[in-house]
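One structure below.
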Amino acid sequence: MSWLVLVISGVLEAVWATALGRSEGFTKLVPTAIFFVTLAASMGGLAYAMRELPVGTAYAVWVGIGATLTVVYAAMTGEQTLSVVKVLCLVMIVGGVIGLKLAH
């Protein structure tokens with residue numbers, strides 16, 4: 001159950017990171033509200049997962065999922081371009097996350 005909660009929390013990290021960028025310094029109400037709600041849920045899920053998972057593993061997986069999804073979403077919406085090097089780096093992040101899961 002901790003791994004499932006951790007993955008969902010990682011997805012929510014990408015949501016709050018994207019909402020933070022779209023809030024334009026907390027001047028836009030809807031993205032600001034989305035930021036705070038998903039930030040709280042993401043941190044709560046991370047804290048829950050850390051009850052059973054090692055801190056280093058849980059945090060690395062959480063950040064890896066959030067960072068990867070944030071970049072992928074930005075590329076899909078045209079806010080960021082992808083290159084072969086960027087894709088290879090994302091693959092390495094995903095591989096590291098999978099490796100941490102398998103090593104646990």
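The values are calculated or read from the model by the stated rules, or taken from the named source; none is laboratory data. Every value quoted in this text rests on a predicted model; they were computed, and no experiment measured them. No Cβ is skipped: glycine too gets one built from the backbone with ideal geometry, and neighbour counts run over all protein chains shown. Remember, those area values only see protein heavy atoms, side chains included, never the ligands or the DNA or RNA. Shrake-Rupley method; radii C 1.70, N 1.55, O 1.52, S 1.80 Å.
Brief remarks follow.
- Among the residues of the range 24-46, those identified as open to solvent by less than 60 Å² (accessible area, probe 1.4 Å) and of a type outside the set (S, T, N, Q) are 31, 33, 35, 39, 41, 44, 45, 46.
- Qualifying residue in the range 61-82 (condition: of a type in the set (A, V, I, L, M, F, W, C), loosely packed, with under 12 Cβ neighbours inside 10 Å and in a helix (DSSP H, G or I)): yes
- Residue in the range 12-23 that is over 24 Å from residue 93 (Cα atoms), open to solvent by less than 50 Å² (accessible area, probe 1.4 Å) and in a loop (DSSP other than H, G, I, E, B) present: yes
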